[in-house]
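This report refers to the structure that appears directly beneath it.
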Amino acid sequence: MSNVVPRRYRDVSVAEIDRPLDAASLREHLLGRDSYRRTRFIIARHGEQTAVVRVERATEEPLFSPITGVEVLALPHECALLRLPDVDTAVPSQLAAAAVAHAPGARCVVVHGRYEHLSFILDPRPLRVTVVEVVPPEPPKLLDQCRRVLETADELPPIELVLHPVDLRELGGGDGDGRDRLLPCRGSGVTLEGVEVAYLDQHPEHRDWLLLGCARSREIHRWFYGDDADCRDICPRRVEAPSPVLTKCCLLEEHLEVTPGRVTVPWGASLDLVRSGLREVARIAEPAWAPA
């Protein structure tokens, strides 16, 4: 199982050991020693060496009791120790991002991070979630919301976000047809080379234009003008991209849509809805991690 991460950093203790950190020495040193009842993992240190073990006790009732079992999870040649004071080691996605960025070849990455807490990730392979979203603006809103959620999401698996953009500049640029472009709203701040741009939410005077929009934009156009516009679809919900996908659609208003390999949130989704969407994406991809 990849992405083994302690559920809480209070489950992790650090021990300085006065001998090389091979498997036999670790077991000999730790077996029979008293251990705090919340401790499930020990990060062992000897000079520049680091190893990680899982420990068991005969009982969890007393405040301290002897260690009865030692499972070696990673030895020094498999470990990297990173000192990254901005990383919250309680957040799996932050641990995984640190491992990928700073120790890509290590099987086990121990991070000495924010609040002076230490934790680790074993076999880091963050779940790659494709975010399909319209640009500009940049960064696109849904991607930025996902990043903000993952900064604090201690209940979600390690996730790596991959943007699959629906670029209005590519879809709407001038191609010599002589027509203006009609965009759903001014909010994106997009400008297009070689064409005049109007915005549907400003209810401009009707003219011959190409609508860069979706089903809801076509409905609004029909309501305003009584006819159907020639439309180039920009709905991210309709874009094929590597699974699992998180995207959005303005036809949804207060709920998520979950289909095989894909989760769709409303266009104006709150951070809570985006968090729920990421939770559903993780469920699609199970097992994505092993909170231990």
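List of remarks:
- Candidates 201, 233, 208 - the one that is touching a residue at least 12 places away in the same chain (Cβ under 8 Å) and closer than 16 Å to residue 133 by Cα: 233
- Condition broken by residue 3, with the remaining ones in (1) at positive phi; (2) out of contact with any Phe, Trp or Tyr (no Cβ under 7 Å at 6 or more places or on another chain); (3) of a type in the set (S, T, N, Q) satisfied: (2)
- Condition check for residue 121: open to solvent by less than 10 Å² (accessible area, probe 1.4 Å), of a type in the set (Val, Ile, Thr) and under 28 Å from residue 284 (Cα atoms): yes
- Flag for residue 280 being in a helix (DSSP H, G or I) and in contact (Cβ under 8 Å) with a residue 24 or more places away in the chain: yes
- In the range 62-89, residue nearest to residue 43 (Cα to Cα) [restricted to those that are more than 33 Å from the chain's Cα centre (by Cα) and of a type in the set (Val, Ile, Thr)]: 67
- The range 6-24, residues that are assigned to a strand (DSSP E or B) and under 17 Å from residue 56 (Cα atoms): 12, 13, 14, 15
- Considering residues of the range 15-41 that are hydrophobic (A, V, I, L, M, F, W, C) and closer than 17 Å to residue 65 by Cα only, the residue most open to solvent (accessible area, probe 1.4 Å): 31
- The range 117-146, residues that are touching a residue at least 12 places away in the same chain (Cβ under 8 Å), under 18 Å from residue 241 (Cβ atoms) and either touching a Phe, Trp or Tyr at 6+ places or on another chain (Cβ under 6 Å) or of a type in the set (D, E, K, R) (or both): 128, 133
- Among the residues of the range 163-179, none qualifies, meaning not one is closer than 23 Å to residue 279 by Cβ and under 10 Å from the mean Cα position of the chain (by Cα).
- For the range 179-253, the strands (runs of 3 or more DSSP E) that sit wholly inside it and include 2 or more residues that are surrounded by 19 or more Cβ atoms within 10 Å (Cβ to Cβ), at pLDDT 90 or above and touching a Leu at 6+ places or on another chain (Cβ under 7 Å) are 180-183, 209-213, 245-249.
- Matching residues in the range 140-168 - criterion: being open to solvent by 20 Å² or more (accessible area, probe 1.4 Å), in contact with a strand residue (DSSP E or B) (Cβ under 8 Å, 6 or more places away or on another chain) and not basic (Lys, Arg): 160, 161, 162, 163, 164, 165, 167
- Residue tally, condition basic (Lys, Arg), more than 31 Å from the chain's Cα centre (by Cα) and modelled with pLDDT under 95, over the range 22-51: 2
- If you go through the range 21-54 and pick out every residue that is under 15 Å from residue 77 (Cβ atoms) and of a type in the set (S, T, N, Q), you end up with 3.
The values are calculated or read from the model by the stated rules, or taken from the named source; none is laboratory data. Owing to the predicted nature of the structure, the values given are computational and were not obtained by experimental measurement. Neighbour counts are summed over all protein chains in view; Cβ atoms, including those assigned to glycine, are modelled from backbone coordinates with ideal geometry. In case anyone asks, the SASA skips ligands and DNA or RNA and just uses the protein heavy atoms, side chains included. Shrake-Rupley method; radii C 1.70, N 1.55, O 1.52, S 1.80 Å.
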